[in-house]
Amino acid sequence: MKLDVLAFGAHPDDVELSCSGTLSKLKKQGKKVGIIDLTEGEMGTRGTIETRYSEAAEASSVIGLDARENLNIGDGVFEINHQNKLLVIEAIRKYRPEIVFANAIDDRHPDHPRAAELVKQALFLAGLSKIKTFDNGVEQAAHRPKHLFHYIQFYHIKPDFVVDISNEMETKMKSILAYKTQFFDPNSTEPKTMISSSKFLDFVDARAKEMGGSIEVDYGEGFTCDRPLPYNLLNIL
């Protein structure tokens, strides 16, 4: 299946927290959208591998994803090596997106910037025909997406552009709350963590308001890009 947009996350819920509003907006516009989780989030304090998969499936349904896979390359321990690059290349070539979203270039969790760099390197290499990869025994054609954008996570990073998600904020929060073991539940007996606090959901809401405020809308999601973007002045007049 060819997708228009493919979002990578180091952990299940990274994408939901950071750019699910944008994915939902793209789905409303008729685009085909998918997520690749790099790990199972198995090192997380709360929940289990099984609950993370069921929660990811529920969140996928909320967003309306066309595809979702987990590469299971090791939460907290994955490396930027040849084997992991090939796995990401295979995913890019399988779905052949034009736009790729990836983790923040700098963040509190070390997996996030490492995942950002892994995807960045693999995206370039996916366009080299001499790198051979296979899907069910069939050689894949080279493919390099047109755009790589990094979503913003815990650290405050100045965005290069912001997407208006005012009409998608409700969907974004619903997709986040699909991860019942991870986020605020007053009746939960799981160990307390920073992200399980009600204050963290307030932070998510405040960050979206901050990003939205920067472009004079109610809610937004910010992204960075390491190269100039084409800009059509007619779109803003």
Exercise for the section: Mind grabbing the base-10 log of I(q)/I(0) for segment 76-168 at q = 0.14, 0.15, 0.20 Å⁻¹? Debye formula, identical points on the C-alpha positions, no solvent, two decimal places. Expected result: -0.57, -0.64, -0.97
Handout entry: Under the Karplus curve 6.51 cos²θ - 1.76 cosθ + 1.60, θ = phi - 60°, whole-Hz ³J(HN,Hα) for segment 216-222, x wherever Gly or Pro sits
Key = 6, 10, 6, 9, x, 10, x
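For segment 40-111, how big is Rg over Rh, using alpha carbon atoms and the Kirkwood form of Rh? Spell out each step's value before the answer.
Values: Rg = 13.6 Å, Rh = 14.2 Å.
With Rh from the inverse mean 1/r over Cα pairs, Rg/Rh is 0.96.
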Fill in the blank from the handout: The alpha-carbon center of segment 109-177 and that of segment 28-51 are separated, in whole Å, by 13
Exercise for the section: Per residue, how big is the convex hull around the C-alpha atoms of segment 87-130? Give it to me in cubic angstrom, could you? Expected result: 69
Handout entry: Above-threshold pairs, the threshold being 23 Å between Cα atoms, out of LYS32/LYS94; LYS31/LYS172; LYS27/LYS132; LYS32/LYS209; LYS146/LYS174
Key = LYS27/LYS132; LYS32/LYS209; LYS146/LYS174
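Placing unit charges on C-beta atoms (Lys and Arg positive, Asp and Glu negative, everything else neutral), compute the dipole magnitude of the chain about its Cα centre in debye, rounded to 20.
740
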Exercise for the section: Looking at the chain, send over the antiparallel percent of its DSSP beta bridges, to the nearest 5. Expected result: 35
Handout entry: Heavy-atom accessible area ranking, 1.4 Å probe, most first, across THR189, THR39
Key = THR189, THR39
Practice task
Could you rank the peptides 66-73, 8-15 by their average count of other C-beta atoms within 10 Å per residue, with the highest value first?
Solution key: 8-15, 66-73
Fill in the blank from the handout: With bins of 5 Å, the percent of all Cα-Cα pairs of segment 127-218 per bin from 0 is 3, 10, 15, 15, 12, 10, 9, 11, 10, 4, 0
Practice task
Quickly estimate the mean residue ellipticity at 222 nm for the chain, helices only: each DSSP H run with n ≥ 4 gives -39500 (n - 2.57), and the total goes over all residues, rounded to 500.
Solution key: -11500 deg cm²/dmol
Problem - Full-stretch length increase - GLU210, THR189 - with 0.36 nm per residue and alpha-carbon distance subtracted - result: 4.3 nm
Exercise for the section: Set Lys and Arg Cβ to +1 and Asp and Glu Cβ to -1, take the dipole of segment 44-120 about its Cα centre, and tell me which of ALA67, ILE80, THR51 lies farthest positive. Expected result: ILE80
Practice task
Measure off 7 Å from each Cα along the Cα-to-Cβ vector at LEU233 and ASP218, then give the distance between these two points in nanometres to one decimal.
Solution key: 3.3
Exercise for the section: Quickly work out the THR45-to-ASN167 label distance, labels modelled 7 Å from Cα along the C-beta direction, and quote it in nm with one decimal. Expected result: 3.9
Handout entry: Gyration tensor verdict on segment 1-94 (Cα atoms; rounded if a/c is under 1.5, prolate if a/b is larger than b/c, oblate otherwise)
Key = oblate
Handout entry: Volume of the Cα convex hull of segment 178-225, divided per residue and given in Å³
Key = 100
Exercise for the section: Sorted from largest down, give the three principal axis spans of the alpha carbons of the chain, whole angstrom values. Expected result: 53, 50, 30
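The values are calculated or read from the model by the stated rules, or taken from the named source; none is laboratory data. Owing to the predicted nature of the structure, the values given are computational and were not obtained by experimental measurement. When we count neighbours, we look across all protein chains shown, and the Cβ atoms used for this are built from the backbone with ideal geometry, even at glycine. Note: areas computed on protein heavy atoms with side chains; ligands, DNA, RNA excluded. Shrake-Rupley method; radii C 1.70, N 1.55, O 1.52, S 1.80 Å.
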